[in-house]
1. Could you work out the relative contact order of the chain? I mean the mean sequence separation of Cα pairs under 8 Å and 6+ apart, divided by the number of residues, in percent.
2. Per residue and in cubic angstrom, what volume does the convex hull of the Cα atoms of the chain have?
3. Along the Cα→Cβ direction, 7 angstrom out, place labels at residue 32 and residue 190. What is the inter-label distance in nm?
4. Could you sort the peptides 57-63, 149-155 by per-residue average Cβ neighbour count (10 Å cutoff), highest mean leading?
5. Please give every one of the lysines within straight-line cross-link reach of residue 60, meaning a C-alpha to C-alpha distance under 25 Å, and leave out same-chain neighbours fewer than 8 residues apart.
6. Whole angstrom only: what separates the Cα centroid of segment 108-177 from the Cα centroid of segment 331-371?
7. With n ≥ 4 as the cut-off for DSSP H runs, can you work out [θ] at 222 nm for the chain, using -39500 (n - 2.57) per run divided by the number of residues, rounded to the nearest 500?
8. Can you tell me the FRET efficiency between residue 284 and residue 171 if r is taken as the Cβ-Cβ distance and R0 is 35 Å, rounded to the nearest 0.05?
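Just so it is clear, none of the values below were taken in a lab; they were calculated from the coordinates. Just so it is clear, the model here is predicted, and its values are computed rather than measured. Note: ideal-geometry Cβ built from the backbone for every residue, glycine included; neighbour counts use all protein chains shown.
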Amino acid sequence: MRTLAARAVVVAGAYLATALAVFAAVVVLRGIVSPDRLRDLLAFYFIAALAAGLEPATVKACVLADARAPGNLAAILAAGAVKGVMVAPVLALVWRFADPAAAPALLWLSPLTAVAGFWATDLRVLLDLRGRHAGAVWLKQGSLAGGFLLLAILVGLGAPLVLAALVSTLARLAPPILIARRFHLGDGAKVIQLLSGRRWLELAAISAVAAAGGSIDRVLALRFLPATAFAGYTLVYELFTRFWLIPYLVTPILFARLAAGEASHDTVSRAWAATAALGAAFVAASIAVAVWAPALAGRVLGAPFGAAEVAFAVAVVTGAFTQLRIAQLQAVGAVRPALAVTAIGAAVSAIAFFIGVRTAGLSGLLWAWSIKSLIELAAALAVGDSSNRVCPRPVR
């Protein structure tokens, strides 16, 4: 129990470090750089975080084919690099749509940004499978937080944004390389075999659709909100979505145990009950702030704090349940139902967020989260009987 508690503290520290890095950097830079320059910096961070949130699924696909943790790290990293280069043009298009004023030189960093995110994600899954859950989260969140802090420091010192972005991205590539040296690299020639499989495409498709649904809010905020309002929304988003530490902690372990047939219905029930209890406390805290300290919170966040923020807190908790459910579906091999759920969420997001931001600005965007999260959770819970198998046999 002590080991589990210590691991949870370490993991929570790594996850919260990202939020603190963004929060502190934005608050400090607001008094140093212009709102437009801060907006450009946050736009790059958004793209980096988006790439880090995409699932290359190389390791997960290997596990679903064979319950043992894969050991061919050279092939995994090579496959991740290929996938990063493949997705880079799409990432650049999203970047251009969200920020038409982005410098072309920044868009050329899309491949490196994607590879940095893919490597961290695949190595995180691998470390989780080997039982190194704290190290897995430190790798993923620590590299993202460290890269952003380096970016903010360089920009604050007057460095050109393109140069600062390049240096921070190269720095994020270093931790996966250092960690990879501790494992058996294996045969890099097997990368073609890893890329030719069908299962990783299905898992990656779920991640891509989920990323589209989960990031369209910031894409539209970046495009349509004023620079100061976008900075405020970024702070609110980074602060509130730290609640997703709960599914971030639970889903990798849940996936690994379910995929290996080691989990039970009680395991899943406990995960949902803990999320519900912590979610109730989180929403209660947001209500307390809205009632007794809205002005103070507004000054710190750079945006008003009221009913819309409370609604956003409820939506974040609802989204945590959806993440748990998606992890269950993936682990039992119900990939297509999970893809359908995330597709529904993405479609609803595009409509709700666009209407919200265009009609009511920042507050409309926050209220739209409630619609998106409720519909997505309802769809996840309505999936057919084939997804209700909790302890499947490994797919071979």
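1. Here the relative contact order equals 22 percent.
2. About 129 Å³ per residue, rounded to a whole number.
3. 4.6 nm
4. Peptide ranking by packing, descending: 57-63, 149-155.
5. 83, 140, 190
6. 27 Å
7. -27000 deg cm²/dmol
8. It comes out at approximately 0.35.
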